[in-house]
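J.: Dropping the structure in here first, questions after.
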Amino acid sequence: MDRETRLFAECHFRRLRGRLPSRVCPTPDRVDFIENPDSFSYADFFKGYLLPNLPCIFSSAFTEGWGSRRHWVTPSGKPDFDYLLQNYGTPLPKAYSPCLCTSPLTGSTSTGTPWMWTTTVSSTWGPLAPGQEEALRDCHGGLPYDVTAPAFLESCRHRGLNHCSPPLEVTQEAGEMVFVPSGWHHQVHNMEDTISINHNWVNGCNLANMWHFLQQELRAVQQEVSEWKDTMPDWHHHCQVIMRSCSGINFEEFYHFLKVIAKRRLLLAKEIGPGEVEYREGSRLDPQQIIFDISRIAEVLASVVVNPDFQRVDTSMLTPQPEDLLQQLEETMAAMESL
């Protein structure tokens, strides 16, 4: 990341003033196709897609040198399932967050994935911008399994949901990558036997989204068990336990996640001397990226520290204490800005 890109990102988050973008985002009318790796930089991706949380497709030229494209397919270009089973065994479980995928995950012709927030990829995608899925929920709050099913489409017509933006439809060819941004529900249909590689991540651009999501998850749990609030000993603790079983993480573990990343960035920041804050080609993590990451962690951690539900978490055994870690981040930011 260069300095100009970092400043661009910081202006973006200042405009939000600590809030997330509008809860309901319009679905764009198309998904951009990125053709040439030589004319498309990380700064282009960061400013054009990662920061504004928009999808795009990368051509097969971006993955041309990947060993998986040579070893995971037969001479005829079909998935080599025998090779995969011999070398990798049982597939890993799916994860969540934004994902970057190549076609696609051990799936046979005409299979696919249900309407979901994240994950497997195939050949035909149907992404929908954050918030648009709310119009598709049933009376129990559930989302449809298949938004292309005739019964569901007929139901939408009767329920007057024609005002909801239709999902985008994109076709992913072999070797291409689809960037699915944070919070975008999507459905996939395999048009032929496919293999996918999925990479899910959290970074400075969507860290606040993750924190917002966890707060929503806790509120949902609290609402679900609200009738026992006055009679259940340590009700708030039990809500955190239930939340973890549903979401895989609770507030204390989210703090540990922030702490691990923060400590790594703080160590890297100590290695940066005067005159070394500009972008360095080929560096593992350049100084501007470190400054950006520390600023985003600090902003989210500041929100965590003052959150009433986090304040009910027993933090006596946490090292460092959240307030102390926040102070370290803020002091490091100030020092790096002065270099």
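J.: Checking Trp72 against (1) free of Cβ contacts under 8 Å to residues at least 12 places away in the same chain; (2) over 25 Å from the mean Cα position of the chain (by Cα), which single condition isn't satisfied?
T.: Failed condition: (1).
J.: How many residues does the stretch 181-202 contain that are in a strand (DSSP E or B) and in contact with a Pro (Cβ under 6 Å, 6 or more places away or on another chain)?
T.: 2
J.: I would also like to ask the following. I'd like to check which strands (runs of 3 or more DSSP E) are fully inside the stretch 1-117 and have at least 2 residues that are assigned by TED's automatic domain parsing to the domain that holds Pro181, in contact with a Phe, Trp or Tyr (Cβ under 8 Å, 6 or more places away or on another chain) and at pLDDT 65 or above.
T.: Output list reads 32-34, 56-58.
J.: State which residue is modelled with the lowest pLDDT when the search covers only the stretch 165-180 and only residues that are surrounded by fewer than 16 Cβ atoms within 10 Å (Cβ to Cβ) and in a loop (DSSP other than H, G, I, E, B).
T.: Pro166
J.: Here's something else I'd like to know. Just need a number here: residues in the stretch 63-76 that are surrounded by 10 or more Cβ atoms within 10 Å (Cβ to Cβ) and closer than 16 Å to Glu173 by Cα.
T.: 7
J.: Inside the stretch 244-277, can you point out the residues that are assigned to a loop (DSSP other than H, G, I, E, B) and either of a type in the set (A, V, I, L, M) or at pLDDT below 90 (or both)?
T.: Ile249, Glu271, Ile272, Gly273, Pro274, Gly275, Glu276, Val277
J.: For the stretch 283-316, which positions are outside any helix (DSSP H, G or I) and crowded, with 22+ Cβ neighbours inside 10 Å?
T.: Asp286
The values are calculated or read from the model by the stated rules, or taken from the named source; none is laboratory data. The structure presented is a predicted model; accordingly, all values stated were derived computationally and were not measured. Every residue, glycine among them, receives a Cβ derived from its backbone with ideal geometry; neighbour counts consider all protein chains shown.
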